[in-house]
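Enquirer: Before we start, here is the structure in question, set down as structure tokens.
The values are calculated or read from the model by the stated rules, or taken from the named source; none is laboratory data. None of the values given here were measured: they were computed from a predicted structure. Positions of Cβ are backbone-derived with ideal geometry, glycine not excepted, and every protein chain shown enters the neighbour counts. Only protein heavy atoms, including side chains, enter the accessible area calculation; ligands, DNA and RNA are left aside. Shrake-Rupley method; radii C 1.70, N 1.55, O 1.52, S 1.80 Å.
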Amino acid sequence: MRLAWVFAHPDDETFAIGGTVAKLAAGNVRIDLFCATDGDAGKNSGIPVSSRAELATRRRSELAAAAQILGIASLSTPGHGDGMLRDVDPDRLVGEIVYFLRRHRPDVVLTFGPEGAPTQHRDHRAISRAATAAYFLAALPTEYADQIREVEPHRAARLYYCAWEPPTPGRELMTLSLTATCCVDVAAYLETKRAAFLAHATQRQHYAQFEALAMRPTEHFALGAGTPQPRSVTDDVFDGL
């Protein structure tokens, strides 16, 4: 089976769903990652960098290291400006993801939900909308028809969004997600997830938040479109395919 992840920044792949990535990769699922920005506007944990371009280069290297730890097979990194995805021509961004899906031909596509994760980050919201559009358009030969010289149309079986349990009163982030329909047990892969996060050395100022919010034994997903699940709540995004 094949899985495609579509995210906005280096470290999204680990912070949001690193346990699931590691678990599926260990089960011989091929995983391809589209990361829209290089994270060049992020903080850098006190690591000296001379420019946004240098930070972008460093964060691309960190992403490659984390991807190797998690078992991700390939990276697609168009290098859009961090914090500026909503300003990118939507046709261009959607087209890049359409090409990515047609090239890698996943069975399942996963991205942020429309709310933009608990942080409601504007890049997360933008990539959710672009990935959702691309999920449907990749199957249509009349959309981005110039790509058909290189890649064939492709219809993935399912689209999932990142989800989470409703926050308890007093939590720092009170954003609600779409209702989870798939709950993946990742307890055995938390150490791999932690190692992947630590590979993002420029982001270690978020380590306490990562431990508090992301190091949970279950990761959650909400079915957005495609083949119905065999049960209302499953423990595997491929269940029934």
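Enquirer: Going by Cα centres, the stretch 99-138 and the stretch 33-65 are how many Å apart?
Expert: Cα centroid to Cα centroid, the span is 21 Å.
Enquirer: Taking K and R as +1 and D and E as -1, what net charge do the other residues with C-beta under 14 Å from the C-beta of LEU213 add up to? List each step's numbers first, then the result.
Expert: Numbers: positive: ARG171, LYS193, ARG194, ARG216; negative: ASP11, ASP12, GLU165, GLU172, GLU211, GLU219.
Computed value for this residue: -2.
Enquirer: Which residue, THR179, PHE197, PRO169, has the largest displacement toward the positive end of the dipole of the stretch 165-213 when charges sit on each Cβ (Lys, Arg +1; Asp, Glu -1)?
Expert: PHE197
Enquirer: Using a 1.4 angstrom probe on heavy atoms only, work out the carbon and sulfur share of the accessible area of the chain in %.
Expert: The computed percentage sits at 52.
Enquirer: Given DSSP loops and a limit of at most 16 other Cβ atoms within 10 Å, what is the longest stretch of the chain that contains no such trypsin sites (Lys or Arg not before Pro)? Can you show the working numbers first?
Expert: On the way: sites that count: LYS43, ARG155, ARG171, ARG231.
In the chain, the maximal stretch lacking such sites is 44-154.
Enquirer: Assigning unit charges at the beta carbon (Lys, Arg +1; Asp, Glu -1) and nothing else, what dipole magnitude in debye, to the nearest 20, does the chain show about its Cα centre? Write down the numbers at each step before the final one.
Expert: Values: 25 positive and 29 negative charges, 22 e Å.
Charge dipole of the chain: 100 debye, to the nearest 20.
Enquirer: Can you give the calculated 222 nm mean residue ellipticity of the chain, where each DSSP H run of n ≥ 4 adds -39,500 (n - 2.57) and the sum is split over every residue, rounded to the nearest 500 deg cm²/dmol? Walk me through the numbers on the way to the answer.
Expert: Details: 5 runs with 75 residues, N = 241.
Per the formula, -10000 deg cm²/dmol.
Enquirer: Hey, another quick one. Binned at 5 Å from 0, what are the whole-percent values of the Cα-Cα distance distribution for the stretch 181-231, short to long?
Expert: Taking every Cα pair in the stretch 181-231, the percentages come to 4, 17, 22, 18, 13, 12, 8, 4, 0.
Enquirer: Shifting gears a bit: Each residue of the stretch 119-134 in turn: what ³J(HN,Hα) in whole Hz from Karplus with 6.51, -1.76, 1.60 and θ = phi - 60°, glycine and Pro shown as x?
Expert: Per-residue couplings from phi come out as 7, 6, 4, 5, 5, 5, 5, 5, 5, 4, 5, 5, 5, 5, 4, 5 Hz.
Enquirer: How far is the Cα center of the stretch 200-226 from the Cα center of the stretch 145-182, in Å?
Expert: 14 Å
Enquirer: Also, quick follow-up: Can you tell me the order of 183-192, 67-76 when each peptide is scored by its average per-residue count of other Cβ atoms within 10 angstrom, highest first?
Expert: Numbers: 183-192: 16.6, 67-76: 18.6.
Descending mean neighbour count gives 67-76, 183-192.
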